[in-house]
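Below is one structure, written out as structure tokens; comments come after it.
The values are calculated or read from the model by the stated rules, or taken from the named source; none is laboratory data. Everything numeric in this text was worked out from a predicted model, so none of it was measured. Positions of Cβ are generated from backbone atoms using ideal geometry, with glycine treated the same way; all protein chains shown enter the neighbour counts.
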């Protein structure tokens, strides 16, 4: 019954946006948001599904292309001062907010520099309590850092140079919003979003269905001069069970499906990562690098009480653990080849500047693992106390595989399973010696990954969950802020990643892969390592 109501509602909405009543060629893109959605306010754009939907509704100064390069968006050009502290953006004059009753005559007005000053100031306003405040909070002195010089010129002044800053501005947190509409709705802006993006908000029955319609006034055009987007609408459902959602995809009720859950992965993919005979030709499989490093973290700060007697305080034991795990086998048999073995550093494959040869990581070498264990004073693991490895239910099988690999090397481990929120809380308090973790890029610059090891980011001030402290690393990290040339900065990043790997506070299990399924009649989709869903260039043909 609910599905029928949802379909009827969508038809009525599409009729409303087409006064001729001719819906013959209306194209609706159907997706499922399995994580749910708590807000469409970009100031609270904290999970993947929110990022996806906000990417359809809003624009920022800049955006990324599929190569993760920063390209113009509402800012058509920008200048950076010689000292790297002042960024001046020159805005387009043809970008308008979507219509809303709280604009004059209900018609969306032109975006100006003052809108960006308001939107960015809002992110650091403690009264708003945005989850994206970190983007600016340690980089500017306050709202005065954001200045509208005139309607089309916007300036940001930083406290100190920060070379990845332009890349950081591609985050959906940095979307522009209209002050008069935001302040009218207040907290309810979460469900009354108004942006400048290719689609505009129409309907949301929380937990059931959401509808976005084509923004007829959208400013971007394709290479032939045709106005974007091509689709007429997006319809999102909220089925939280991945297997149920996959069956909806197979029945062609969904046009797109993201990721393949372990419970039915073998039904869809061979161990080599190809589509099984059962599903061959029935849909399109798109895979590629995904900026997500899957790792095991080890506390190394010997000032912490729980580290003082932990075997993990010894470098050779951490290195022995790194050499003991066959990552290639793990990916093939537990991930159906959806991943790349973590033979390099913490910076993942797919990140600009990633190097397969420039980082000395750890490959599978059980003989070397045993030798290091003996050199640490525990030949064949004798007299070495068991180590507790903490994980979540979702990754229990993988951690059991790791446990078996370490056992073969003579390293005994106990597995402790906890809820994801509990694990994150304990890790964020330096309360676990050995833990499973993942780091997904917030923006496409490796600084985001290396910040995890900067000593000034130690708990409670930042994400240095291993308590890593290396003065040469810190010096390079701070120097990198001033290096404007990308290739030169990437070279420094590789030096830093090598310093981390030499001290082995982490075990890099694998670099994740983006896994997207599309129906055969879908084209024009985006293929980027951030797995950012971009639908403005997607086409949906009538035939399947």
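Below, the figures for the structure above:
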item	result
Counted residues, the range 240-266 - those being modelled with pLDDT of 95 or more and assigned to a loop (DSSP other than H, G, I, E, B)	5
Any pair with Cβ under 6 angstrom, 6 or more apart, that starts in the range 390-417 at a residue that is at positive phi and ends at one that is surrounded by 14 or more Cβ atoms within 10 Å (Cβ to Cβ)	410/373; 410/381
Number of the condition not met by residue 520 [criteria: (1) surrounded by fewer than 22 Cβ atoms within 10 Å (Cβ to Cβ); (2) more than 23 Å from residue 246 (Cβ to Cβ); (3) modelled with pLDDT of 95 or more]	(2)
Filter result for residue 381 (more than 23 Å from residue 335 (Cβ to Cβ), free of Cβ contacts under 8 Å to residues at least 40 places away in the same chain and either in contact with a helix residue (DSSP H, G or I) (Cβ under 6 Å, 6 or more places away or on another chain) or surrounded by 15 or more Cβ atoms within 10 Å (Cβ to Cβ) (or both))	yes
Residue list for the range 327-371, filter: out of contact with any strand residue (DSSP E or B) (no Cβ under 9 Å at 6 or more places or on another chain), farther than 30 Å from residue 484 by Cα and either outside the structural domain of residue 502 (by TED's automatic domain parsing) or surrounded by fewer than 23 Cβ atoms within 10 Å (Cβ to Cβ) (or both)	329, 332, 333, 334, 365, 366, 367, 368, 370, 371
Considering residues of the range 75-102 that are in contact with a helix residue (DSSP H, G or I) (Cβ under 7 Å, 6 or more places away or on another chain) and outside any strand (DSSP E or B) only, the residue surrounded by the fewest Cβ atoms within 10 Å (Cβ to Cβ)	102
Verdict on residue 513 being touching a strand residue (DSSP E or B) at 6+ places or on another chain (Cβ under 6 Å), more than 27 Å from residue 412 (Cα to Cα) and buried (at least 20 other Cβ atoms within 10 Å of the Cβ)	yes
Single unsatisfied condition, residue 339 versus (1) under 22 Å from residue 433 (Cα atoms); (2) within 21 Å of the chain's Cα centre (by Cα); (3) at pLDDT 95 or above	(1)
Residue match in the range 425-438 (condition: closer than 27 Å to residue 352 by Cα, surrounded by fewer than 19 Cβ atoms within 10 Å (Cβ to Cβ) and either within 21 Å of the chain's Cα centre (by Cα) or not assigned by TED's automatic domain parsing to the domain that holds residue 164 (or both))	yes
Residue count for the range 53-70, restricted to those that are within 25 Å of residue 211 (Cα to Cα) and part of a loop (DSSP other than H, G, I, E, B)	3
Test: residue 353 is under 26 Å from the mean Cα position of the chain (by Cα) and modelled with pLDDT of 95 or more	no
Residue 529 being over 23 Å from residue 230 (Cα atoms) and either in a helix (DSSP H, G or I) or modelled with pLDDT under 95 (or both)	no
Qualifying residues in the range 129-149 (those that are without any contact (Cβ under 8 Å) to a residue 40 or more places away in the chain and part of a strand (DSSP E or B)) - the one surrounded by the most Cβ atoms within 10 Å (Cβ to Cβ)	146
